[in-house]
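Heads up, the thing below is written out as structure tokens.
The values are calculated or read from the model by the stated rules, or taken from the named source; none is laboratory data. Just so you know, these numbers come straight off a predicted model, no measurement behind them. FYI the Cβ positions are ideal-geometry reconstructions off the backbone, even for glycines, and counts take in every protein chain you see. Calculation scope for accessible area: heavy atoms of the full protein, side chains included, ligands and nucleic acids excluded. Shrake-Rupley method; radii C 1.70, N 1.55, O 1.52, S 1.80 Å.
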Amino acid sequence: MQAWIRLFILIFVSSYAMVASIIASRDWHVAAWAIDVLSYFACYTPLAIGLLYLIIRFPGHYPARRIFGMVNDYAGLGFAIIVGGQAMLPTYAIIMWVTVGNGLRFGSRYMIVAGVMVQITLAVITALTPYWQANPILVFTLSLTTLIVPIYIQTLLRHIEQARRDAEEANTAKSRFLAQASHDLRQPVHAIGLFLNSLNQTGLAPEQRGIVDRIDRSLQGVAELFRSLLDISTLDSGAVTPKLEPVSIIQLFRMLEQQNQVSAQWADVDLRFVASDRIVLADRALLLTMLQNLVSNAIKYAPRGPVLIGCRPRGNMLSIWVIDRGPGISAEHLPRLFDEFYQIRKLGAADMQGVGLGLSIVKRLGALMGLEAEIRARPGHGTAVAIHGLTPASPVELPVLNRESSYAAPLHDMRILLIEDDVDVLDATAHLLRTWGAEVAAWSTVPPYPQPCDLIVTDFDIGGGVTGADCIALHRHETPPPMAIVMTGHDEMAIEETLADPNVLVLKKPVRPAELRSAIAALRRRKTG
């Protein structure tokens, strides 16, 4: 940037010198001193172009190159003022520009170096220019200005830098707090959800079952909030790296249908998925999170109506749309809907669960994969949200998902090793698995030796410096090696990287019973298929 500015300064000062000399001569002739300035700058131009070439060819921090450019800048501007005298005095503004510019672009050290150079330049100009010698107050004012302004700017820069560091530290602290609070609160919510499921199977009266359903509904709202908090804290940490792979649209839709069936029934929403055999290149987990946020919003804000989810071409790419027939959104709110914590609040409107992070997460996850989110809405007609930019992938052989078998397959022939350090969660999960017919061996820590089992269901953080990965490693050499599911309150992508085993499923707490049942069914199909 500074090299381009240098060329601009050459053109500007040369033009000014020529115009100033013509006006001063009153006979439209270029003065001799102006010809000297033009000649000097004509010789300096190849050098400036050479510096620009070196910067483009060899970018980076080269102190010698920067100092060389600064010396020549001050020498050229000083020469113009010396030979031009009073007529070239306005060039002092360019000297100030160069001094401040070097400091702002290159840092405080270069600001000090530029300050020293400008004082030397002014001293040389004064020694060689009669006009300056005859006006000592002018010289003193200019010298003081070139001393005070850089110091003041440097002070402001230090305050700005400190404010930036404070803001980054506060943001990091916020992310750590959100992640830790989300993780700590997920565990009891996870346990409550499992106990509620068990309670529902104890032959409750209709009135009691209705109360339990309301508790479960409220609990799922809290669970969605924790998922949003953990997602935003993970994004803030910069730890999310997309892993692109072929993803089947129909399989995504089936997972969305399974995850949102209960919420849709509660809200009296008719979820409609348009079948599609298209395959896209994306990160499966990130794309599913984006779509889950969109579908969850549609169910929440457009109850008692249809919600349509489908995929359609857009040029050479594909788009996934989530369309509802809800109340719609006013145009004034559309530009801010992707801002964090932005919610549409109307006086007298019913309270909605959530903190306004869903669409922000959608936008940020999409940006990681080069996708774009779009919202279209008309008050009274509904809202349509799209994810654009999905790249079609070549058809590949993908595991076939059976919509019915996700829940219905009994577990009477399955031995499950369950590891969970929280006693409440351990008891609730063991009871749930036993009601499904499984033979469960429940441990609060990693067993001392391998246990006979077909499936390991383990928490990741078990305590005492031991993790679920250690339990899986303990059984890895068994014949055949057992399947494994890890449940965690941490970022599941970070856990997947730690496990480094694509055959291990990672579920994010709180885990709904239906989600756990589907995961077990998927592993069994994978093993038998």
Residues (in a strand (DSSP E or B) and among the aromatic types (Phe, Trp, Tyr)) located in the range 249-275: Phe273
Tally of residues being open to solvent by less than 60 Å² (accessible area, probe 1.4 Å), under 17 Å from Leu390 (Cβ atoms) and in a strand (DSSP E or B) across the range 276-318: 7
Residues of the range 485-511 classified as closer than 22 Å to Gln261 by Cβ and open to solvent by 50 Å² or more (accessible area, probe 1.4 Å), total: 0
Those residues of the range 90-117 which are touching a Phe, Trp or Tyr at 6+ places or on another chain (Cβ under 8 Å) and open to solvent by less than 60 Å² (accessible area, probe 1.4 Å), in sequence order: Thr91, Ile94, Ile95, Val98, Asn102, Gly103, Met117
Where a residue in the range 108-121 is more than 12 Å from Ile151 (Cβ to Cβ) and its partner, wherever it lies, is basic (Lys, Arg) and open to solvent by 30 Å² or more (accessible area, probe 1.4 Å), with Cβ under 9 Å and at least six apart: Tyr110/Arg66; Val113/Arg66
Residue that is under 21 Å from Arg525 (Cβ atoms), in contact (Cβ under 8 Å) with a residue 24 or more places away in the chain and in contact with a helix residue (DSSP H, G or I) (Cβ under 9 Å, 6 or more places away or on another chain), where the choices are Ala484, Ala469, Ala442, Ala494: Ala484
Enumeration of residues in the range 404-421 that are modelled with pLDDT of 75 or more, open to solvent by 30 Å² or more (accessible area, probe 1.4 Å) and assigned to a loop (DSSP other than H, G, I, E, B): His412, Asp413, Asp421
Hits in the range 121-143 (condition: closer than 18 Å to Gly101 by Cα and open to solvent by 30 Å² or more (accessible area, probe 1.4 Å)): Ser143
Pair list, Cβ under 9 Å, 6 or more apart: the range 44-69 residue among the basic types (Lys, Arg), other residue surrounded by 15 or more Cβ atoms within 10 Å (Cβ to Cβ) and not in a helix (DSSP H, G or I): none
